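Colleague: Here you go, one structure.
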Amino acid sequence: MDARRRHAELVRIVEEANYRYYVLDQPTLSDAEYDDLFRELRKLEAEHPEFVTPESPTQRVGAEPVPELPSYTRRVRMLSIENCVAIEEFRDWVQALEDFLKRDPGALFVEPKLDGTGLELIYREGHLVTAATRGDGTTGEDVTAQAKTIRSIPLKLRGEPPALLSVRGEAYISKKDFEAINATLKGERIYANPRNLAAGSLRMLDPRITAQRRLDFFAHSFGEIEGAAIASQHEFTERMGGWGLKSCPGAQRCATPEEVERVYADLLARRHDLPFEIDGMVVKVDDFGVQKELGWRARSPRWAVAWKFPPTQQTTRLREIQVQVGRTGTITPVAILDPVPIAGVTVSRATLHNEDEIARLGVKEGDKVLVERAGDVIPKVVKVVEAGHGGPFRMPEKCPICGTALVREEEAVSSRCPNVRCPAQVEQGIRHFASRRAMDIEGLGEKLVSQLVAKGMVKDAADLYSLRAEDLAELERMAEKSAGNLIGEIEGSRRPSLHRFLNALGIRNVGERLAEILAERFHTLDALMEASEEDLLSVEEIGPEVARSIREYFGRPDTKDMIARLRVAGVEPQPFVRRTDGPLAGEVVVFTGTLTTLTRDAAKARAAAAGAVVASSITKKTTLVVAGEKAGSKLKKAAELGIRILTEEEFVSL
């Protein structure tokens, strides 16, 4: 057999072995046999470089690292799917379909909702030409080289594929591989859950690292298809298998909504036994013709819903109640737990919020408690399941860090350490000062700030501007280059906008939004520092408590001293200037409901950049409301008042 024919045969055998192992889970070759064939293929291509094609199995890990991921703009947007949680909400969705169609929508198709990261694959004439992340739905990142390392993604489709196919699905990492990979990262950053690891791995600039992460891929839908007539979701799923694409196990057609409910109950009971993480299931109208009749809302198809599982809960033992000191001195009780896995994350701490919450729960050290990750994210103690033998919790009288007597002001829910020089407050204050939405000083991480404060090198934000690279280089895990980079970041932060500077100061009761309001109202730092409580109360969104805390902050000698030293160091906040020629100039905008293509913060930033004033509540001054999914009372009030209402998509188009 000549070399070219042997090469073609090896490519066919190895790709068939990949398909049977990674897609069908029916291996036909032993590992040793596969390795021998793969080595022979590599050797043959080394001797005959002209034989190498983009579809050769050797090209899955052949790309060099890239400096950055290029963007990819798709022609058909990847939309979000509306969520429901309770069975009543699912039944309401079915009823809404019937009301819209004036008839039964017919069979439904269900798929386990994989907790991975969205990925789109574009095939032309059966060849993989592009892979892109979801991004904002329209523009994602081109991760073609990274996706080619995923063995369950065919480089060339099997059978008779369509001329064009953009197939969409989820890249994910199994629970087993997630644990194995995290075990190798001890001492480095470990990932919170398989979804984060999958997303991070897919966006690695070096595809060789992606290849080591053992990603997998399930396809669930398409954006575009040319050259294939398909009538339903279940038919498309069957055709994908013939093309060599893997669909999620458990995907099935259900004749009635009642059958969907039985599948949901079964899946919920088995979710922890599955080899991959799921957080619910997706239900679609099966018939594509009926889907077309139902159509789309601005951000989601009317014919699909993601039926999410309820928040995950586990019981565990509460070992101890500790208190931590926040940036503004607030004392927060924290439950130290026997570690317990919840939704793919090991939870060992949960918030108890404040003394009143502890009293309401009746929780004590030694109790067996029910812990929940609200929205599968934030751990909290829900209730006591079994009483232990500990006594009632008592809030300490003194700060656990600096020993200052704690205070609890009238009507306040939490105790507070009043010592502004408390090391815990200083540390967290410095980290907040340097954060992205404040002074944006990259490189000031938690451990570095702790060292700077512990060694007395930094007592407040002004001290950052007197640091020298040679001083930093002596700190633990701080190389000369890192020290130089950090000094450069500090130098570059000397002319912040006034609202970012005010946010950075960490004034009690003043967050990002209020900092912008103050900057717009008073224009300069001096004007705000000289403002009386009456001046502050004249601002519509400021009440007596906020006005008092602002006045107290700027009246303190330590604040005046720090700001004076910041100015000596060349830090000069720039006066707030609102754009007057933007598409939203003069508008007072309120956002309501759940935004899907933008975060709420990003949407507010876009509105402000376009010249708008962003408000939190609807008043007589409101001129525009942007309504996301599940908008409630604000949307109703806006309609009653005749205020202009935009969808999220319409807002973005501005």
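The values are calculated or read from the model by the stated rules, or taken from the named source; none is laboratory data. Predicted, not measured: the structure shown is a model, and the values here were computed from it. Note that we place each Cβ from the backbone using ideal geometry, even for glycine, and neighbour counts take in every protein chain shown.
Colleague: May I ask you to say which residue of A473, A454, A434 is buried (at least 19 other Cβ atoms within 10 Å of the Cβ) and touching a helix residue (DSSP H, G or I) at 6+ places or on another chain (Cβ under 8 Å)? Don't jump to the end; show me each part of the working.
Modeller: Details: A473 fails: buried (at least 19 other Cβ atoms within 10 Å of the Cβ); A454 fails: buried (at least 19 other Cβ atoms within 10 Å of the Cβ).
Result: A434 is the single residue among A473, A454, A434 that is buried (at least 19 other Cβ atoms within 10 Å of the Cβ) and touching a helix residue (DSSP H, G or I) at 6+ places or on another chain (Cβ under 8 Å).
Colleague: Any residue at all in the range 283-303 that's assigned to a strand (DSSP E or B), in contact with an Asp or Glu (Cβ under 6 Å, 6 or more places away or on another chain) and crowded, with 17+ Cβ neighbours inside 10 Å? Break it down stepwise before answering.
Modeller: Within the range 283-303, the first condition is being assigned to a strand (DSSP E or B), and the residues that meet it are 283-285, 287, 296, 301.
Of the ones still in play, those that are also in contact with an Asp or Glu (Cβ under 6 Å, 6 or more places away or on another chain) are none.
Checked the range 283-303: no residue is assigned to a strand (DSSP E or B), in contact with an Asp or Glu (Cβ under 6 Å, 6 or more places away or on another chain) and crowded, with 17+ Cβ neighbours inside 10 Å.
Colleague: In contact (Cβ under 8 Å) with a residue 12 or more places away in the chain and surrounded by fewer than 20 Cβ atoms within 10 Å (Cβ to Cβ): does that describe F109?
Modeller: No.
Colleague: Looking only at the range 600-620, count how many residues are over 16 Å from A515 (Cα atoms) and not in a helix (DSSP H, G or I).
Modeller: Number of matching residues: 6.
Colleague: From E179, E141, E160, which residue is in contact with a Ser or Thr (Cβ under 8 Å, 6 or more places away or on another chain) and either of a type in the set (D, E, K, R) or outside the structural domain of E120 (by TED's automatic domain parsing) (or both)? Step through it out loud before you land on a result.
Modeller: Numbers: E179 fails: in contact with a Ser or Thr (Cβ under 8 Å, 6 or more places away or on another chain); E160 fails: in contact with a Ser or Thr (Cβ under 8 Å, 6 or more places away or on another chain).
Going through E179, E141, E160 in turn, the sole match is E141.
Colleague: Just to verify a result, which residue in the range 539-551, among those that are within 16 Å of R508 (Cα to Cα) and either among the polar types (S, T, N, Q) or touching a residue at least 24 places away in the same chain (Cβ under 8 Å) (or both), is surrounded by the most Cβ atoms within 10 Å (Cβ to Cβ)? Even if it seems obvious, please write down each step before you answer.
Modeller: Initially, the range 539-551 is screened for residues within 16 Å of R508 (Cα to Cα), giving 541-551.
Right, trim to either among the polar types (S, T, N, Q) or touching a residue at least 24 places away in the same chain (Cβ under 8 Å) (or both) and you get 541-542, 545-546, 549-550.
Working: E541: 14, I542: 20, E545: 13, V546: 19, S549: 15, I550: 24.
Among those that are within 16 Å of R508 (Cα to Cα) and either among the polar types (S, T, N, Q) or touching a residue at least 24 places away in the same chain (Cβ under 8 Å) (or both), it is I550.
Yes/no per residue for (1) among the hydroxyl-bearing types (S, T, Y); (2) on the phi < 0 side of the Ramachandran plot; (3) surrounded by 15 or more Cβ atoms within 10 Å (Cβ to Cβ):
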{"residue": "A231", "(1), (2), (3)": "no, yes, no"}
{"residue": "T237", "(1), (2), (3)": "yes, yes, yes"}
{"residue": "P257", "(1), (2), (3)": "no, yes, yes"}
{"residue": "Y264", "(1), (2), (3)": "yes, yes, yes"}
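Colleague: Sort out which residues of the range 396-425 are without any contact (Cβ under 8 Å) to a residue 40 or more places away in the chain and more than 20 Å from V449 (Cα to Cα), and write them in order of number.
Modeller: Within the range 396-425, E397, K398, G403, T404, A405, V407, R408, E409, E410, E411, A412 meet the criteria.
Colleague: Checking E365 against (1) over 31 Å from the mean Cα position of the chain (by Cα); (2) of a type in the set (D, E); (3) crowded, with 20+ Cβ neighbours inside 10 Å, only one condition comes out false. Which one?
Modeller: (3)
Colleague: Does A131 qualify as being crowded, with 18+ Cβ neighbours inside 10 Å and without any contact (Cβ under 8 Å) to a residue 40 or more places away in the chain?
Modeller: yes
Colleague: Filter the range 561-586 down to residues that are buried (at least 16 other Cβ atoms within 10 Å of the Cβ) and outside any loop (DSSP other than H, G, I, E, B), then give me how many there are.
Modeller: 4
Colleague: Tally time: how many residues in the range 621-640 are part of a loop (DSSP other than H, G, I, E, B) and either more than 30 Å from the chain's Cα centre (by Cα) or among the aromatic types (F, W, Y) (or both)?
Modeller: Step one: filter the range 621-640 for residues part of a loop (DSSP other than H, G, I, E, B), giving 621-623, 628, 630-632.
If we keep only those that are either more than 30 Å from the chain's Cα centre (by Cα) or among the aromatic types (F, W, Y) (or both) as well, we get 621-623.
Qualifying residue count, the range 621-640: 3.
Colleague: Another one. Return the residues of the range 419-437 that are touching a Cys at 6+ places or on another chain (Cβ under 9 Å) and not in a helix (DSSP H, G or I); say none if nothing qualifies.
Modeller: Narrowing the range 419-437 to residues touching a Cys at 6+ places or on another chain (Cβ under 9 Å): 419, 421-425.
The answer is N419, R421, C422.
Colleague: Moving to a separate point now. Scan the range 20-39 residue by residue and report those that are surrounded by 15 or more Cβ atoms within 10 Å (Cβ to Cβ) and either modelled with pLDDT of 75 or more or assigned by TED's automatic domain parsing to the domain that holds T144 (or both). So that I can check it myself, show each step before the final result.
Modeller: Residues of the range 20-39 that are surrounded by 15 or more Cβ atoms within 10 Å (Cβ to Cβ), as a first pass: 21-23, 29, 34, 37-38.
Selection gives L37, F38.
Colleague: Within the range 487-505, work out how many residues are crowded, with 18+ Cβ neighbours inside 10 Å, outside any loop (DSSP other than H, G, I, E, B) and out of contact with any strand residue (DSSP E or B) (no Cβ under 7 Å at 6 or more places or on another chain).
Modeller: Taking the range 487-505 and keeping what is crowded, with 18+ Cβ neighbours inside 10 Å, we get 487, 490, 493, 496, 498-505.
So of that shortlist, the ones also outside any loop (DSSP other than H, G, I, E, B) come out as 487, 490, 498-505.
Going one step further and asking which of them are out of contact with any strand residue (DSSP E or B) (no Cβ under 7 Å at 6 or more places or on another chain), we end up with 487, 490, 499-505.
Of the residues in the range 487-505, 9 are crowded, with 18+ Cβ neighbours inside 10 Å, outside any loop (DSSP other than H, G, I, E, B) and out of contact with any strand residue (DSSP E or B) (no Cβ under 7 Å at 6 or more places or on another chain).
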